[in-house]
1. List, please: which pairs have Cβ atoms under 7 Å, are six or more places apart or on different chains, and start with a residue in the range 388-400 that is without any contact (Cβ under 8 Å) to a residue 12 or more places away in the chain and end with one that is among the aliphatic types (A, V, I, L, M) and open to solvent by less than 100 Å² (accessible area, probe 1.4 Å)?
2. Please verify whether the range 216-223 includes one or more residues that are among the polar types (S, T, N, Q) and either open to solvent by 50 Å² or more (accessible area, probe 1.4 Å) or in contact with a Ser or Thr (Cβ under 8 Å, 6 or more places away or on another chain) (or both).
3. For the range 132-149, enumerate the residues that are part of a helix (DSSP H, G or I) and open to solvent by less than 40 Å² (accessible area, probe 1.4 Å).
4. Conditions first: (1) modelled with pLDDT under 95; (2) surrounded by fewer than 21 Cβ atoms within 10 Å (Cβ to Cβ). ASN193 passes all but one, so which condition is the exception?
5. Could you say which residue among VAL152, VAL129 is free of Cβ contacts under 8 Å to residues at least 40 places away in the same chain, in a loop (DSSP other than H, G, I, E, B) and within 21 Å of the chain's Cα centre (by Cα)?
6. Looking at the range 8-52, which of its residues are basic (Lys, Arg) and buried (at least 17 other Cβ atoms within 10 Å of the Cβ)?
7. With respect to LYS289, is the statement that it is at pLDDT below 95, among the charged types (D, E, K, R) and over 25 Å from LYS347 (Cα atoms) true?
8. Which of the residues spanning the range 69-94 are over 22 Å from the mean Cα position of the chain (by Cα), surrounded by 15 or more Cβ atoms within 10 Å (Cβ to Cβ), in a helix (DSSP H, G or I) and not β-branched (Val, Ile, Thr)?
Amino acid sequence: MEKFIIHLADLHFREGWTEEQGVVLNSFFDDLKKQIEPLDDKTVYIAFSGDIVQAGGNQEFYDTFFLEFDDKLKEIGISRDRRICVPGNHDISVDCVKSKIEEHNGIVSLQLEETAFNDYSEKSSAIFVDKFENYNKFELSFARLNTTQSKVFGGGWEIDENIGVYCLNSALLSSGGLSGIIDKKKLAINTINLNLWNSNCKCRLKILIMHHPLNWLTDWAEKELRIILNNYFTLCLTGHNHEQSTLHSICKDTSLIECSAPPLFTRKKDQLGYSIISINPDVGVTAIKYRQWTGNYSWVSGVNFSNTDDGIVKIANSTEKHPIKAPHTVLKTDHDFINRFFLEKLKESLITYSSQPTIWVDPILCKQSEKSGFDQPVEKISFHELLSNPRNTIVKAPPQFGLTCLARKL
């Protein structure tokens, strides 16, 4: 059965401000009710891509938001079971960051690589958990499909046997705007939980929801998440940039749709909007219907976002053949087959020992033998260097040290 996801981002809710926020939101609920009336309630979900409130340190903002949104969503048939939520940088308590500023700035400035960051975040979770305390309380009561129920890093859910959703916290290292600190290229994500869920989830279609676009992450986090998305996910929903964008990419046999949502609210004279995404379990995302706020304070078809007459972006089925094939189509197909073959072989190697998580960790390669001692400084070799400068190389290690995995990864 076709599913529909209402995608919202950047609500920046605060108490009062009826002449601004109240005008937009009251009209929004009326418009949303009209848009989903023709649909079966059980097929409609709503996803909030972060920045729920203007200041995450203010518990009253969350309390008031819950009272207003919970009642209105129930009235139009969207219960807690069909709400999806992730935090943004505005959902952080700035006071909490300020109270731990030395440690917080220290861990951000270290720019830890993937394994080191995962280890640190698992062992020193207080620096990450405490600043989301108000958000966490709100999220658990407001949305069943949430980020922080088990861990603050992210959580995965299955809508049905065909569609899985992962809520990723991209604001773990965000300073929440404290002292004018810019988060861009400083943000990291915990990949352990994401990879574990991804390997265990058997749904055909997977959706990832986060607040920040990928280019706000550190280089390693952006690269790793891009690989995961291209290989396993059908849809990625983000916000934060306060502008709409839709990107449809086809990598190997997978089709990925990336949607950055316009803000639902900044000021009533700004370009505001939301979308309704149609998902067919057999083929993936089929259409994105945009709605936009006008200067006359009403909601209409989102032609400014879609660049179409009806406000709808139609997604071509990734299995459809392009009318004109490039001359190198056969070579591309062969190359894809080789990639898929070794990817499957790598997966087989990673699950050889079933007690271990099926994740990839970069090995440490050294020019010295492990038996030679390390009295002198160790000269390490990046396996990425081997790929960029191919030469005859022998990599030796005792049994069960991951040589098969390394070979297939290379």
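The values are calculated or read from the model by the stated rules, or taken from the named source; none is laboratory data. No experiment lies behind these values; they were computed from the predicted model shown. Heads up, the Cβs are rebuilt from the backbone with ideal geometry, glycines too, and the neighbour counts pull from every protein chain shown. Just so you know, the surface numbers come from the protein's heavy atoms only, side chains and all, with ligands and any DNA or RNA stripped out. Shrake-Rupley method; radii C 1.70, N 1.55, O 1.52, S 1.80 Å.
1. The qualifying pairs are THR393/LEU386.
2. Within the range 216-223, not a single residue is among the polar types (S, T, N, Q) and either open to solvent by 50 Å² or more (accessible area, probe 1.4 Å) or in contact with a Ser or Thr (Cβ under 8 Å, 6 or more places away or on another chain) (or both).
3. PHE132, ASN134, TYR135, PHE138, GLU139, PHE142
4. For ASN193, the exception is condition (2).
5. It is VAL152.
6. ARG14
7. no
8. Answer for the range 69-94, where residues must be over 22 Å from the mean Cα position of the chain (by Cα), surrounded by 15 or more Cβ atoms within 10 Å (Cβ to Cβ), in a helix (DSSP H, G or I) and not β-branched (Val, Ile, Thr): PHE69, ASP70, LYS72, LEU73.
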